[in-house]
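Novice: This is the structure I want to talk about, given as structure tokens.
The values are calculated or read from the model by the stated rules, or taken from the named source; none is laboratory data. Model, not experiment: these values are computed from the prediction. Note that each Cβ is placed from the backbone with ideal geometry, even for glycine, and that neighbours are counted across all protein chains shown. Quick note on the areas: whole protein, heavy atoms, side chains included, nothing else; ligands and nucleic acids left out. Shrake-Rupley method; radii C 1.70, N 1.55, O 1.52, S 1.80 Å.
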Amino acid sequence: MPVRAGETIDPDATRARVLDVAARLFYERSLAAVGMREVAAAAGASPLTIYRYFESKEGLAEAVVRERSDRIHAWLGAGLAEAPAGRARVGALFELLTRWFAEQGFRGCAVVNYSADSRGGPSAREVTRGHLMRYRKLLQQLLTEAGVADPAPVARQLLLLIEGATVVTQIDGDGGAGADARVAAEILLDAALARTPGES
């Protein structure tokens, strides 16, 4: 917002506002369809201010998706903390994602969308790879807690289910994709536990 006479500029608040506005516009209409002048106008900031904070449109987009990745994983962590320990947390993860898919205006994962929008450039690949690795680390942790002896390959399989359900929901609005992914995840978990000595 424009600063009134006598008011001081809060750089952190301005930066946060630009990130929020850019995140909404990029998610709703894609990175390619939104220009920096539109972001500046919607955020009540000058283009020069945005370039000072982020250097380029690519820098702004990268900052947006890094913040979004942090927000997604913080939300998942908070939601999973409320679930009972053990295998129930794997199901709880898929339940959280299914609720996210059902939200009005769901247009897929903003981080993966960024990679597609930016044609998979080096920065986009690095950011998206980091986001997916965080998922795999979380899944490995949940599988270890559930008693799976070799969690790494199962975590990768579950990640494929998550990303597949995300894309299917984004493209055709199929509200059942998350639930189907959860059923498949339970089958994979049962098979992994059956291979684990001392587990059933």
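Matching residues to (1) closer than 16 Å to Asp70 by Cα; (2) open to solvent by less than 60 Å² (accessible area, probe 1.4 Å); (3) at pLDDT 95 or above; (4) not in a helix (DSSP H, G or I):
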position	(1), (2), (3), (4)
Gln104	no, no, no, yes
Tyr114	yes, yes, no, no
Ala124	yes, yes, no, no
Gln141	no, no, yes, no
Arg156	no, no, yes, no
Leu160	no, no, yes, no
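Novice: Filter segment 23-39 for residues that are over 14 Å from Ala110 (Cβ atoms) and assigned to a helix (DSSP H, G or I) and give the result.
Specialist: Met36, Arg37, Glu38, Val39
Novice: Of the conditions (1) in contact (Cβ under 8 Å) with a residue 60 or more places away in the chain; (2) under 19 Å from the mean Cα position of the chain (by Cα); (3) surrounded by fewer than 16 Cβ atoms within 10 Å (Cβ to Cβ), Gly164 clears all except one; give me its number.
Specialist: (1)
Novice: Something else now. In segment 62-87, which residue that is among the aliphatic types (A, V, I, L, M) and open to solvent by 50 Å² or more (accessible area, probe 1.4 Å) is modelled with the lowest pLDDT?
Specialist: Restricting to residues being among the aliphatic types (A, V, I, L, M) and open to solvent by 50 Å² or more (accessible area, probe 1.4 Å), the top hit is Ala85.
Novice: Consider Val183 carefully, then state whether it is surrounded by 19 or more Cβ atoms within 10 Å (Cβ to Cβ) and part of a helix (DSSP H, G or I).
Specialist: Spelling it out, it is not the case that Val183 is surrounded by 19 or more Cβ atoms within 10 Å (Cβ to Cβ) and part of a helix (DSSP H, G or I).
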